[in-house]
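Below: the structure, in structure tokens.
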Number of protein chains: 4
Amino acid sequence: MNRHMRPGVWGVLATPFSGSTFDVDENGVAQLVEHADAAGVAGLTVLGVFGEAARLSWAERRLVLETVLDSTDLPLVVGCTSLATAPVIDEARMAVELVGDRLAGVMVQANSADVATLDAHLRAVHEASGADVVVQDYPVVSGVHVSSAMLGDLVARSPHVTAVKAEAPPTPVAVAELTARCDVPVFGGLGGINLLDELACGAAGAMTGFSFPEALVATVEAWDPSEPGKAREQLLPYLPLITFEQQVGIALAVRKECLRRRGLIAESAVRPPARSLPDSMRPLLEAHVAAAAAATDPNGGE
Amino acid sequence: MNRHMRPGVWGVLATPFSGSTFDVDENGVAQLVEHADAAGVAGLTVLGVFGEAARLSWAERRLVLETVLDSTDLPLVVGCTSLATAPVIDEARMAVELVGDRLAGVMVQANSADVATLDAHLRAVHEASGADVVVQDYPVVSGVHVSSAMLGDLVARSPHVTAVKAEAPPTPVAVAELTARCDVPVFGGLGGINLLDELACGAAGAMTGFSFPEALVATVEAWDPSEPGKAREQLLPYLPLITFEQQVGIALAVRKECLRRRGLIAESAVRPPARSLPDSMRPLLEAHVAAAAAATDPNGGE
Amino acid sequence: MNRHMRPGVWGVLATPFSGSTFDVDENGVAQLVEHADAAGVAGLTVLGVFGEAARLSWAERRLVLETVLDSTDLPLVVGCTSLATAPVIDEARMAVELVGDRLAGVMVQANSADVATLDAHLRAVHEASGADVVVQDYPVVSGVHVSSAMLGDLVARSPHVTAVKAEAPPTPVAVAELTARCDVPVFGGLGGINLLDELACGAAGAMTGFSFPEALVATVEAWDPSEPGKAREQLLPYLPLITFEQQVGIALAVRKECLRRRGLIAESAVRPPARSLPDSMRPLLEAHVAAAAAATDPNGGE
Amino acid sequence: MNRHMRPGVWGVLATPFSGSTFDVDENGVAQLVEHADAAGVAGLTVLGVFGEAARLSWAERRLVLETVLDSTDLPLVVGCTSLATAPVIDEARMAVELVGDRLAGVMVQANSADVATLDAHLRAVHEASGADVVVQDYPVVSGVHVSSAMLGDLVARSPHVTAVKAEAPPTPVAVAELTARCDVPVFGGLGGINLLDELACGAAGAMTGFSFPEALVATVEAWDPSEPGKAREQLLPYLPLITFEQQVGIALAVRKECLRRRGLIAESAVRPPARSLPDSMRPLLEAHVAAAAAATDPNGGE
């Protein structure tokens, strides 16, 4: 197995922006990385969907990656945005070039329900770039619906695939199907909303963004199949915030504002055409962040 | 305001079935009603989406309604399945005929983004049946996306509309928009997954199915805008089960099996083509129900 | 084989409405039936999607059926609107009761991609009602995507299924797949837009609405696999109108106005929430109908 | 008005591939360009959806563009694949750099139903790249549904927008709405399936791929609002092939095989995960191409 692809929590990095031109805020990137690192994540996933990779220029993607590399020694998974082989290879090659031996893998969308097509795609990306592949099954973004059984079997016979990120609901069912068929770590996503159930079904952890990554780390560390109550206890105080963050259509805007309120980034703007935070959510958000902060540090202020 | 349309929790009734022919289990219907009544709900919503109304024959709908009427004195909202005016009127008239003055309203889907079309639809249903109307905004089921602002304004000038069930995510944002524009009670749905946020935005309660309706009742009763922590404390122990129940595609199958494990119904089958419960979910489900039961009755067994 | 289920053109009947209350116009129904009969259709499909069955009350459905029965001796297929077994049985029983031995079949939507679920559904409808079944594969309406191979194999072993209406694009591919696997007549739909290709793939004809059914009849009658040019010649002058009628979102509104301009119905309203005819289409529509009428009767006026 | 943005037919270029590795076939690109040029197109649209731009690497996009530039003197529209501003600017800048003053515009997807967001997007692309903008309204690809009225008004006050490609069905309705509100040329697309109706609604021509571009040119040249029959006569013999090519899901595979059969490209493969040509379509395709070829050159062979 890929020595990099540790179980645990892989933080999915947001990309903070500055000002009316939405410039990449390198300082904010560094702070988010340092916070996640200190929170105990196993690694970081950069240029994912919630890193707004599809809204970055090519130069900005490089800038984000370089900033992350300068801010941590953690292994990295680098997300690829495209669905077709040739442009994914472009993305994978940039990841290999910049990240080098700290690259845990490139994350590639499951792009076809047809097993031969998907197999050829994953294989071609690996062969052309040299990178290991993390398969992301995320139909809301890809528009592609694959069977977990097919995917699990394909992964089992694909040594270049070193992890799966399971984001096709119902995800606990998918995790159970995948872990019954292949041995690579399978990670939950979707902000951790079904993390307890995914762990119970054999997930190796979570690969997702959440404004309190320390909560996900504590939950996964506390996971013990014979005593699920321990992990449950860790996650419980954060679950209201998780359900608040996972609101369809505004999830990223909510999360970035939570990060801002925590002092981790200076501004919370999302790039258009993504939807910005409705004003009606601001007071709720404050209360949620305060409650989560109190759970994180019972003695401290926020 | 409609004297029936009380704030609080309106339980959405599941329809239990028996045997390989999936016959309506009248006894199970009665038990669910009695349990909800004892749990303190303000009323019941019958023949809703999660009551599988769209999978019942006309005679079975009558049977369910009559069984409910015989089992409780609570006011009832009766769901209408169709999207067009004439068949909704058929449904509304049956509700009026059977339920009489215990009818709090017929629940009608928002069927058009065009305000004039929607207005004419709601008005026609009311005029033809005499029933008050609860508007349900549930795009996953209706396929119709309406603006909350438009809907709120329309409701404000429609005396025959006595409540809104807001199920277009992000629902807290929708509840805020609706309650700013109209005075009727606005209820959250979706199994209570965002209930705390919906209450904070002005919701009058929840109109939804959840296998522990007592938890929703306790939460809504504890709601105090100046002390949101009280309601949060009530809901927290149930939130893992709520996120478990709300899994896309298997939500109803999960909930009915939870109800069965609680002893409220004898069998948990859903009618095809709805998806049945994946076996991998059974052990998780047991643990969830046990944890929720422990929270409900700390001294009792399940 | 069902003696009723003749190859050829099965006209799908529109339901004309009158006045601001959109009452069913029985006289218009009768005229449409008589026109289709005179045009040489093999049978009629009543209460289909384009008959707006989903927007009729139960009494109106009976009225339409009875009016049709009084207006022709043709065999009838009766459409069922629901997706679940129990309400489809309600619909099928009404069809059997009213239509008697002139019933060629009830048309039932393919309601599941799972072969066992679909098999049980079709079988249950047949057994409860006694009616033969025409399967309609129309994913735009049903939201269900089935494999043509699975459907063809299922039909081949289902003696109670006597025809398939293939409306899952690409329909010629579906027709080829179905006719390779089962022996019942397979009909194209979708207004005839791919009729030539469907015939070339083995379709037994068309089951669809088009404002000039005589054109579809002439095309199917002229079909000769060794001389496809003959059928092509028949359809060609109508193809611009067919592509005009098949416009997404306004197809029914366009067709009904074409029927009105032909003098077959008095008013062309569609019931809300269906979209009405945009004014910008009126002059084009006149020209299309005039051109088609000239092709139909080179010596006559319209 | 942009001197380049001539009315007429803008051919949308397919990208031919060779062998099992699907390499870009430069020779095939050149032949397609030369054929379109000889057919009388007003210009060419390169790197569009049907050019499979989203499945090309960055280097391949350059290669295609350079090959086109070497093969013709026609003005070019260059398609942009992304939906967000920063990556579209990357694409637009490459177009400006390579195409220089032969660039008629970059084609940018309408990426938001919100007028301010769309306005800012189009403006930013123009300002950062210097290119004029052709707006493409193609919801099947973008997932974005904009109002034609909003788009028309925005275009009317955006001097940097020099054309619209209207591909939101019903397209004739959209063309009528757009041409009533703005003065730039509005082009139909979708393979020409509603070309006659789009011209009748004020379209300046067609911007689309079709295996017989000469047919579209002849139709647009013959267009005379006072004698629509002339254009109709030109298009009629090709309409069966157009409806055959426009089959949902296999349209590009069909078209490329038509081009191959015409001798314009050597192989007809589409890049995965696009669907390849079902074998059942091959004999039909031969017959369609033969009939269209006979119409194109009544005296010649194919």
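The values are calculated or read from the model by the stated rules, or taken from the named source; none is laboratory data. All of these numbers come straight from a predicted model, not from anything done at the bench. Neighbour counts run over all protein chains shown; Cβ positions are idealised from the backbone, glycine included.
Check whether at least one residue in region A:245-260 is free of Cβ contacts under 8 Å to residues at least 12 places away in the same chain, under 22 Å from B:Arg232 (Cβ atoms) and either of a type in the set (Gly, Ala, Ser) or touching a strand residue (DSSP E or B) at 6+ places or on another chain (Cβ under 7 Å) (or both), and report yes or no.
no
Given the criteria buried (at least 21 other Cβ atoms within 10 Å of the Cβ), more than 23 Å from A:Leu277 (Cβ to Cβ) and away from every other protein chain (no Cβ under 12 Å), does B:Val220 qualify?
Yes.
Name the one entry in C:Gly152, C:Gly100 that is at positive phi and not hydroxyl-bearing (Ser, Thr, Tyr).
The match here is C:Gly100.
Given the options A:Glu245, A:Glu227, A:Glu233, name the one that is closer than 24 Å to A:Asp37 by Cβ and not small (Gly, Ala, Ser).
A:Glu245
So how many residues does region D:96-125 have that are over 21 Å from D:Val9 (Cβ atoms) and assigned to a helix (DSSP H, G or I)?
Total meeting the criteria: 16.
Filter region D:35-63 down to residues that are at negative phi and in contact with a Ser or Thr (Cβ under 6 Å, 6 or more places away or on another chain) and give me whichever is nearest to the other protein chains (Cβ to nearest Cβ).
The extreme case among them is D:Ala54.
Does C:Gly202 qualify as being modelled with pLDDT of 95 or more, closer than 21 Å to D:Glu245 by Cα, within 14 Å of chain D (Cβ to nearest Cβ) and buried (at least 24 other Cβ atoms within 10 Å of the Cβ)?
No, not satisfied.
Within the set of pairs 6+ apart or on separate chains, which have a first residue in region A:148-173 that is buried (at least 23 other Cβ atoms within 10 Å of the Cβ), a second that is in a strand (DSSP E or B) and of a type in the set (Phe, Trp, Tyr), and C-beta atoms under 9 Å apart?
Partner pairs satisfying both residue conditions: A:Ala163/A:Trp10; A:Ala163/A:Phe187; A:Val164/A:Phe187; A:Lys165/A:Trp10; A:Lys165/A:Phe187; A:Ala166/A:Phe187.
Do you know which residues across region B:251-289 are within 14 Å of another protein chain (Cβ to nearest Cβ), touching a Ser or Thr at 6+ places or on another chain (Cβ under 8 Å) and not in a loop (DSSP other than H, G, I, E, B)?
Matches in region B:251-289: B:Ala253, B:Arg255, B:Glu257, B:Cys258, B:Val289.
Write out, first by first residue and then by second, each pair whose Cβ atoms fall under 8 Å of each other, whose residues are 6+ apart or on separate chains, and whose first residue, in region C:227-240, is within 11 Å of chain D (Cβ to nearest Cβ) while the second is among the hydroxyl-bearing types (Ser, Thr, Tyr) and crowded, with 22+ Cβ neighbours inside 10 Å.
From region C:227-240, the pairs are C:Ala231/C:Thr219; C:Leu235/C:Thr219; C:Leu239/D:Thr243.
Cβ-Cβ below 7 Å, separation at least six or inter-chain, first residue in region B:76-87 and more than 17 Å from C:Ala53 (Cα to Cα) and in a strand (DSSP E or B), second at pLDDT 95 or above and basic (Lys, Arg): which pairs?
B:Leu76/B:Arg102
Kindly evaluate A:Ser211 against the criterion of being part of a loop (DSSP other than H, G, I, E, B), more than 14 Å from every other protein chain (Cβ to nearest Cβ) and not acidic (Asp, Glu).
yes
Can you name the residue in region C:67-114 that is within 12 Å of chain B (Cβ to nearest Cβ) and surrounded by fewer than 17 Cβ atoms within 10 Å (Cβ to Cβ) and, of all such residues, is nearest to C:Val29 (Cα to Cα)?
By that ranking, first place goes to C:Ala113.
Within region D:115-156, how many residues are polar (S, T, N, Q) and either closer than 23 Å to D:Gly43 by Cα or away from every other protein chain (no Cβ under 14 Å) (or both)?
2
With D:Leu252, D:Leu259, D:Leu277, D:Leu285 as the choices, which residue is in contact with a Phe, Trp or Tyr (Cβ under 6 Å, 6 or more places away or on another chain), modelled with pLDDT of 95 or more and closer than 27 Å to A:Thr117 by Cα?
D:Leu252
Looking at region D:223-250, which of the residues that are more than 18 Å from the chain's Cα centre (by Cα) and not in a helix (DSSP H, G or I) is surrounded by the fewest Cβ atoms within 10 Å (Cβ to Cβ)?
Result: D:Ser226.
Taking the criterion of being in contact with a helix residue (DSSP H, G or I) (Cβ under 7 Å, 6 or more places away or on another chain), among the small types (Gly, Ala, Ser), surrounded by fewer than 16 Cβ atoms within 10 Å (Cβ to Cβ) and within 21 Å of D:Ala59 (Cα to Cα), would at least one residue in region A:115-127 satisfy it?
Within region A:115-127 (the criterion being in contact with a helix residue (DSSP H, G or I) (Cβ under 7 Å, 6 or more places away or on another chain), among the small types (Gly, Ala, Ser), surrounded by fewer than 16 Cβ atoms within 10 Å (Cβ to Cβ) and within 21 Å of D:Ala59 (Cα to Cα)), the answer is no, since none of the residues qualifies.
Tally time: how many residues in region B:53-75 are closer than 23 Å to B:Ala128 by Cβ, among the small types (Gly, Ala, Ser) and not in a loop (DSSP other than H, G, I, E, B)?
3
Keeping to region B:180-197, report how many residues are within 8 Å of chain A (Cβ to nearest Cβ) and within 16 Å of B:Glu214 (Cα to Cα).
2
D:Phe50 fails exactly one of the following numbered conditions: (1) closer than 23 Å to D:Cys182 by Cβ; (2) not in a strand (DSSP E or B). What is the number of that condition?
Exception for D:Phe50: condition (1).
Which one of these is touching a His at 6+ places or on another chain (Cβ under 8 Å) and over 29 Å from A:Val175 (Cα atoms): B:Leu241, B:Leu264, B:Leu216, B:Leu199?
B:Leu264
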